[in-house]
1. Cα centroids of the stretch 335-367 and the stretch 248-274: how far apart, whole angstrom?
2. Let me check against my output: what whole-number percent is the relative contact order of the chain, with C-alpha pairs under 8 Å and at least 6 apart?
3. Quick one: work out the % antiparallel among DSSP beta bridges in the stretch 142-296, nearest 5.
4. Just from the alpha-carbon atoms, what are the Rg and Dmax of the chain in angstroms?
5. Taking +1 at the Cβ of each Lys and Arg and -1 at the Cβ of each Asp and Glu, which of LEU114, ILE35, PHE249 sits farthest along the dipole of the chain towards its positive end, judged by Cα position relative to the Cα centre?
6. Indicate, rounded to the nearest 5 percent, the antiparallel portion of the DSSP beta bridges found entirely in the chain.
7. What nm distance separates the two modelled labels at ASP290 and ARG251, each placed 7 Å from Cα along Cα→Cβ?
8. Quick check on the exposure proxy: order VAL331, VAL323 from fewest to most C-beta atoms within 10 angstrom.
Amino acid sequence: MPWREASAMSMRREFVGLASQEGANMRELCRRFGISPATGYKWVERYGTEGVAGLADRSRRPNASPARTTPEVEARIVALRDAHPTWGGRTLRRRLEDLGWADVPSASTITAVLRRHGRLDPAAAAAHTAWTRFEHPAPNDLWQMDFKGHFALGTGRCHPLTVLDDHARFSLAVAACGDERGETVRAHLTVVFRRYGLPTRLLTDNGAPWGSLAGEGFTALTVWLLRLGIAVSHGRPFHPQTQGKEERFHRTLKAEAITGRAFPDLAAAQAEFDRFRARYNLERPHQALDLATPATRYTPSPRPFPATLPPLEYGPDDLVRIVQDQGIISVQGRPYRVGKAFRGYPIALRPTVDAAVWELYLGPHPIGLLDLDVPADR
């Protein structure tokens, strides 16, 4: 899709970062970002010779001079902290290094500077603890997805939808939504899939729209994901640690882009989310990544978003049934409930060692078990 003018710089920076990854497919990346190969190569060349300044429209800003005296160093540290009030000494130090400073002070020195200038809350610092989490070995092995708690706008409410790569901590989307309906999530995921490709698996919680309130386990949204070849898993109920990276990301989003701000509408919230996402992916050193930025660890998926869904195919020995309007199939003349999310789809039944229990499949994906001794109550 075309780049919006307000976020053109952040999109260009993200593009050249991904294009610089080893093995990047430039033409496919240009297609996903909605630009021509000539434009893509132009931005890569400008970035290589001029850095970030080369990505601005006809702009040639001078490089910042490194601080050389203690007062200058302290002033710049305090200014960077004021621009990013949630960043600590280690994060600030890595960002100063990334900006090209010479003789950057140690993290402990930067922390002392912040303390002298009244930029640290001792109680908050004492309460901070580090988390150790499992990490998937490669980008796109697992994405985590959830809604951040909604908040009031000048008109209506904003429901932030976030999608995060588990390996790289790369933020794939921070979308200002007016509701939490499956159709809304699908529209935003379509944009994400077209740009970054398809993950192997998506992890969500058990609430709507990815969990069924009726206890059937699947929704129209999760069935669509299965049709795309994306496995879907859910965190344990009342156990937010399963999606610990998303929970931590939401804390950062709230601190850096929501708290203390008032947005008149969704468009204003989205503009701030776009700025936050660019900082998070491209500038903010991440402590879980040895202070690298998420963009340096992420590469788009080689699995493209299909123009049309692939057909559902089954073997000659499969017993295939079409799911009716109420989520019912008929087996041996008796009704059985498999879930309304599968209405209209052909599903396959395969026998198990127990003659009364059959496995259910949607294409290659197992979706549950059917006990022939327990027919549905229409």
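1. So the separation of the two Cα centres works out to 43 Å.
2. Details: 569 pairs, mean separation 54.5, N = 378.
Taking the mean separation of contacting Cα pairs over the length of the chain, I get 14 percent.
3. 65 percent
4. Just the Cα atoms of the chain yield Rg and Dmax of 24.5, 86 Å.
5. About the Cα centre, the residue reaching furthest to the positive side is LEU114.
6. Around 80 percent of the beta bridges assigned by DSSP in the chain are antiparallel ones.
7. It works out to 2.4 nm between the two label points.
8. Numbers: VAL331 14, VAL323 21.
In increasing order of surrounding Cβ atoms, one gets VAL331, VAL323.
Coordinate-derived values only; no laboratory data. Here the structure is a predicted model, which means the values were calculated and not measured. Counting neighbours? That spans all protein chains shown, and the Cβs are built from the backbone with ideal geometry, glycine included.
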